[in-house]
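Note sheet for the following structure.
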Amino acid sequence: MDGTSCVLKPSKKGLLFSDVKCEIVHVNTVDTIKNKYTVKDYSDSCKAQSIKDIIGLPSTKDCIGYIKGNMLPDFPINKADILSAEDILGPNLGSLKGKNDNNGPVQIITGCIR
């Protein structure tokens, strides 16, 4: 990165670690991120997250498509609420489970003849 080297040392249990000494540590938490939003925006974000749970955990893209297509009449949230919910609370873990690209093991066929 910047030309400095990093030394990894084994711990007592064998796990490698680096003894990093840093004066400033920046960690994004829900509290620090939600301070960028108003109280109403945060409340609407929480409402959007709970509604996504109720309607079957759609992806953010699908949920925005439902709103744009007016597929859910009288929907109390909008696109900004969904995007701010993902920014503040992170992706909905329930909607991520089972939606990866892994299609299972690949069958390997060998050329052995019996």
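No lab work stands behind these numbers, since they all come straight from the coordinates. Model, not experiment: these values are computed from the prediction. When we count neighbours, we look across all protein chains shown, and the Cβ atoms used for this are built from the backbone with ideal geometry, even at glycine.
Figures for the structure shown
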{"item": "Exposure proxy order (Cβ contacts within 10 Å, fewest to most) of Phe17, Phe75", "result": "Phe17, Phe75"}
{"item": "Least to most buried among Asp53, Asp81 (fewest other Cβ within 10 Å first)", "result": "Asp53, Asp81"}
{"item": "Given Lys40/Lys61; Lys36/Lys79; Lys36/Lys68, the pairs whose alpha carbons are separated by over 21 Å", "result": "Lys40/Lys61; Lys36/Lys68"}
